[in-house]
Amino acid sequence: MKSIFVTGTDTDVGKTYVTAGLAVTLRKMGVDVGIMKPFAAGVPQKKGFKSEDVEILSRAAQVSDPENLLNPQFFKLEASPYTASKELKVKVKVRKVLASFKKLSKNHSLVLVEGMGGIMTPILKNYFVADLIKDMGLSTIIVTRSRVGALNHTFMTYEMCTKKKIPVKGIIINNFDVGGYPLKTLKRDIPALTGLPILGTIPFIENLSDNSLYKNFKKNVKMNLIIK
Ligand SMILES: Nc1ncnc2c1ncn2[C@@H]1O[C@H](COP(=O)(O)OP(=O)(O)OP(=O)(O)O)[C@@H](O)[C@H]1O
Ligand SMILES: [Mg+2]
């Protein structure tokens, strides 16, 4: 089975909860799934992992890998790795990320890697999330939302993947916006304009527990296309 990079059209589109939903569903299908958040940023949590994303993902996948593999670099500033490294005067550890990913890949049959922000979030000068995906040798799933503006973001993300020759498995629509595009419209227009399949559509979920994620993903996501 091949590992997958979960990217999004922007920050806050639902990458973490989509990755968690995929992790819990794969686990229940009997897959030994690993997770990774190469770079995380923000105010560190007082308990558990510094990154809340890592906390959510590792619980969903029920992994026991050490934090330095799951999240090789944490910046105490909510910003892109590039910006955080400049502000905090620390070096961005791309090599450590790649080595950690290699180790995690050996520990699990498949690793789900959650991206940071969007496809062109800067990591180093002239090195973006897209370049990291390339260096990790991964294909990607694009998470988009349904609010007006999502089509623009989706096509820009898709175009950049094409330019960088990143294989895209398809799109997951996180339909949690009130008053966005009707799902029917997105399901018609995104495949028609990109040729990409819609791998699933996630509704607004009141309680984002692993159990409700599982129920929704089992029903709404084509898991056979995810692991293909
Ligand atoms: N399907 C959903 N139903 C209800 N709320 C959701 C859903 N998806 C996401 N959310 C809410 O939106 C917020 C952002 O989602 P999430 O943290 O997964 O985004 P992200 O893309 O991982 O952001 P980041 O770029 O910071 O990693 C979450 O705090 C969650 O409460
Ligand atoms: Mg996240």
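The values are calculated or read from the model by the stated rules, or taken from the named source; none is laboratory data. Everything numeric here is computed off the predicted structure, so don't read it as measured data. For neighbour counting, all protein chains shown are included, and Cβ atoms are generated from backbone atoms with ideal geometry for every residue, glycine included.
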Exercise. Does Phe75 meet the test of being under 20 Å from Ser100 (Cβ atoms), within 13 Å of ligand 2 (Cβ to nearest atom), among the hydrophobic types (A, V, I, L, M, F, W, C) and modelled with pLDDT of 95 or more?
Worked result: no
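Given the options Met120, Met160, name the one that is surrounded by fewer than 20 Cβ atoms within 10 Å (Cβ to Cβ), modelled with pLDDT of 95 or more and either in contact with a strand residue (DSSP E or B) (Cβ under 8 Å, 6 or more places away or on another chain) or of a type in the set (Gly, Ala, Ser) (or both).
Working: Met160 fails: either in contact with a strand residue (DSSP E or B) (Cβ under 8 Å, 6 or more places away or on another chain) or of a type in the set (Gly, Ala, Ser) (or both).
Just one listed residue meets the conditions, Met120.
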Exercise. Somewhere in segment 174-192, is a residue of a type outside the set (Asp, Glu), within 30 Å of Val94 (Cβ to Cβ), within 17 Å of the chain's Cα centre (by Cα) and at pLDDT 95 or above?
Worked result: yes
Exercise. Of the conditions (1) more than 16 Å from ligand 2 (Cβ to nearest atom); (2) assigned to a loop (DSSP other than H, G, I, E, B), Ile119 fails just one. Which one is it?
Worked result: (1)
For this session: Residues that are touching a strand residue (DSSP E or B) at 6+ places or on another chain (Cβ under 8 Å): find the helices (runs of 4 or more DSSP H) completely inside segment 1-98 holding 3 or more of those.
Result: 15-28, 52-61, 81-88
Problem set entry | Residue that is surrounded by the most Cβ atoms within 10 Å (Cβ to Cβ), among those in segment 34-52 that are within 14 Å of the chain's Cα centre (by Cα) and more than 9 Å from ligand 2 (Cβ to nearest atom) | Ile35
Seminar exercise, completed: Selection from segment 53-66 of residues surrounded by 24 or more Cβ atoms within 10 Å (Cβ to Cβ) and within 12 Å of ligand 1 (Cβ to nearest atom) yields Leu57, Ala60
Exercise. Which is in contact (Cβ under 8 Å) with a residue 40 or more places away in the chain, surrounded by 13 or more Cβ atoms within 10 Å (Cβ to Cβ) and within 16 Å of ligand 2 (Cβ to nearest atom), of Leu225, Leu199, Leu213, Leu186?
Worked result: Leu213
